[in-house]
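The values are calculated or read from the model by the stated rules, or taken from the named source; none is laboratory data. Keep in mind the model is a prediction, meaning the values are calculated, not measured. All Cβ positions, glycine included, derive from the backbone under ideal geometry; neighbour counts span all protein chains shown. Ligands, DNA and RNA are excluded from the accessible area calculation, which covers all protein heavy atoms including side chains. Shrake-Rupley method; radii C 1.70, N 1.55, O 1.52, S 1.80 Å.
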Amino acid sequence: MSISSLWPTVIHTTVLTGADLTRVTTEPARLPEALPDAHPGRDLAWTWRTERWEGGFHAGLRHSPGTWCALLVIAARAADQEDPSGALILHDPRAGAANVGLPGLPWGRPLTLPTRPGLLAITPGWLPWQIAPVRADDERTILTAHTT
């Protein structure tokens with residue numbers, strides 16, 4: 001019997017478009033509706049705020065005070081898939097994960113998500129994340145939320 005995953009971590013990502021994106025950005029209380037039906041955060045209360053990440057902004061490691069954390073990209077001035085400007089980086093929190101000789105098998109390699117408009121990432125609140133530096137000519141508007 002082989003072990004394929006020692007610590008499965010539920011990370012939900014999707015891209016909201018059109019009416020779905022407008023509905024959540026104008027009525028953030030409807031954020032849980034964007035989660036899959038069986039997601040445990042769907043029936044919890046959420047609190048949110050909108051952040052504007054201008055050129056030069058970056059964030060060191062963060063985590064949520066709640067059970068679940070959500071980041072929704074409302075707008076992005078430059079949203080190139082290959083450009084790491086303002087990217088959301090999810091880190092492996094396991095002790096020693098960064099010291100693994102072959103990162104990514106499955107330890108030690110962070111998951112980098114480009115912050116293009118409509119990206120919705122839902123992670124466990126304990127999962128550390130950071131924001132890559134935003135280029136000087138770039139900008140992001142983000143809805144951040146967590147369960148209460």
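For the range 65-73, putting each phi into the Karplus relation 6.51 cos²θ - 1.76 cosθ + 1.60 with θ = phi - 60° gives couplings of x, x, 5, 10, 10, 10, 10, 10, 7 Hz, in residue order, rounded to whole numbers and with x for Gly and Pro.
Solvent-accessible area of Thr17, all protein chains in place: 90 Å² (probe radius 1.4 Å, heavy atoms, ligands and nucleic acids excluded). Other residues within the sphere of radius under 15 Å centred on the Cβ of Ile74, judged by their own Cβ, net out at +1 (K and R +1, D and E -1). Arg52 sits with roughly 150 Å² accessible to a 1.4 Å probe, with DNA, RNA and ligands left out of the calculation. Here the 3J(HN,Hα) profile of the range 140-148, calculated from phi with Karplus coefficients 6.51, -1.76 and 1.60 at θ = phi - 60°, is 9, 10, 10, 9, 9, 8, 8, 6, 10 Hz, Gly and Pro shown as x.
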